[in-house]
Amino acid sequence: MRALVIDDSRAMRRIVSGILAGIGYETAEAGDGRQALDLLEAGETFDLACIDWNMPVMNGLEFVVAVRANRAWRDMTMMMVTTESEHGQIVRALAAGAHEYLIKPFTPDAIRDKLELLGLVPQADLIEEPV
Amino acid sequence: MSTLTPFDTQISAIAEEVFAAMIDGEPGHLVALPDGAPLTDPVYAWVDMHAGVTGRALLATDVATAHDLARALLQMGADEPVGEADLVDAFGEVANVVGGNLKALLPVQGTLTLPQVGRERPDLSGATQVDAVALMWRGQPLDITVWQI
């Protein structure tokens with residue numbers, strides 16, 4: 001499975017990508033919504049996008065709206081990963097088309113739990129090692 | 001005119017959660033420093049909160065400590081040199097997450113600016129200090145102040 005991590009902080013991209021890689025994802029990164037759209041427009045496909053809200057150039061909410069406006073990208077699950085934790089902001093993001101919402105700071109288990117809820121944990125990661 | 005009310009102990013609680021989750025992987029490495037400690041080579045990171053009232057969350061620590069923060073966040077080696085871009089990115093993100101969680105405590109929904117980082121303290125002339133918390137991360141001082149601007 002492939003994930004796109006969109007955050008203007010390299011540190012945060014590295015944290016999220018590392019967690020996703022540990023779950024079994026192949027990851028790509030973008031520093032803002034525009035860069036992420038460029039990847040999609042170039043034909044890259046992703047099962048999951050983890051999206052920061054506050055970014056320069058194009059913020060996360062604008063990215064979600066842009067993705068939802070294109071039927072070709074409808075299969076990509078979008079999870080906001082952000083410090084925006086007010087109820088109104090969460091509702092706004094979900095109404096715009098985000099599927100899940102994770103508030104910073106988060107733990108690796110929190111990301112995994114969200115992905116399990118979404119059915120987006122790669123199967124190999126769910127298979128327990130034989131005893 | 002609206003005023004920013006003190007966050008009090010919530011600042012420490014938020015900071016401890018941020019450091020435990022993002023930086024240390026476990027709690028206990030960021031603790032209160034009751035008497036504070038002077039910074040000898042400070043660097044500042046801040047975000048502004050606009051929510052009916054404008055506030056600023058300002059973090060300050062020594063450059064060497066900010067380098068250690070960057071190493072921890074970017075999973076770098078203990079002796080690996082930290083570039084300016086990495087320092088700005090890492091310390092700015094810490095300010096962003098702390099400030100974002102403080103903003104969520106305000107009674108009015110608002111917006112958060114992108115983080116800024118600088119070696120000079122930002123201009124706070126005319127601003128009112130609302131909170132000041134002295135902390136210590138792995139033995140090094142780290143201050144968080146909140147201002148109404």
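The numbers here are math on the coordinates, done by the rules we state, and not lab data. It should be emphasised that the depicted structure is a prediction, and the values quoted were computed from it without experimental measurement. Heads up, the Cβs are rebuilt from the backbone with ideal geometry, glycines too, and the neighbour counts pull from every protein chain shown.
Reported count of residues in the range A:60-93, each being more than 27 Å from residue A:24 (Cα to Cα), within 14 Å of chain B (Cβ to nearest Cβ) and not charged (D, E, K, R), is 6.
Which ones in the range B:92-113 are in a loop (DSSP other than H, G, I, E, B) and surrounded by 15 or more Cβ atoms within 10 Å (Cβ to Cβ)? Break it down stepwise before answering.
Let us first name the residues in the range B:92-113 that are in a loop (DSSP other than H, G, I, E, B), namely B:104-110, B:113.
Across the range B:92-113, the qualifying residues are B:104, B:105, B:106, B:109, B:110, B:113.
Does at least one position in the range B:111-120 carry a residue that is touching a residue at least 12 places away in the same chain (Cβ under 8 Å) and within 18 Å of residue B:29 (Cβ to Cβ)? Talk me through it step by step, then tell me what you get.
As a first pass, look at the range B:111-120 and keep what is touching a residue at least 12 places away in the same chain (Cβ under 8 Å): B:111-120.
Subsequent filtering for residues that are within 18 Å of residue B:29 (Cβ to Cβ) retains none.
No: zero hits.
Within the range B:27-47, does at least one residue satisfy the condition of being within 10 Å of another protein chain (Cβ to nearest Cβ), surrounded by 15 or more Cβ atoms within 10 Å (Cβ to Cβ) and either part of a helix (DSSP H, G or I) or not hydroxyl-bearing (Ser, Thr, Tyr) (or both)? Can you show your working first?
The initial filter retains those residues of the range B:27-47 that are within 10 Å of another protein chain (Cβ to nearest Cβ), namely B:47.
Then keep just the ones that are surrounded by 15 or more Cβ atoms within 10 Å (Cβ to Cβ); that gives B:47.
Filter again for either part of a helix (DSSP H, G or I) or not hydroxyl-bearing (Ser, Thr, Tyr) (or both), leaving B:47.
Within the range B:27-47, one or more residues are within 10 Å of another protein chain (Cβ to nearest Cβ), surrounded by 15 or more Cβ atoms within 10 Å (Cβ to Cβ) and either part of a helix (DSSP H, G or I) or not hydroxyl-bearing (Ser, Thr, Tyr) (or both).
If we scan the range A:36-45, do we find a residue that is within 14 Å of chain B (Cβ to nearest Cβ) and over 21 Å from residue B:96 (Cβ atoms)? Taking every residue of the range A:36-45 in turn, none turns out to be within 14 Å of chain B (Cβ to nearest Cβ) and over 21 Å from residue B:96 (Cβ atoms). Among the residues examined, residue B:75 does not qualify as in contact (Cβ under 8 Å) with a residue 12 or more places away in the chain and either within 14 Å of chain A (Cβ to nearest Cβ) or of a type outside the set (A, V, I, L, M) (or both). Among the residues of the range A:72-91, just one is over 15 Å from the mean Cα position of the chain (by Cα), in a helix (DSSP H, G or I) and closer than 26 Å to residue A:11 by Cβ, namely A:89. The one condition from (1) touching a Ser or Thr at 6+ places or on another chain (Cβ under 6 Å); (2) in a strand (DSSP E or B); (3) surrounded by 22 or more Cβ atoms within 10 Å (Cβ to Cβ) that residue A:20 does not meet is (2).
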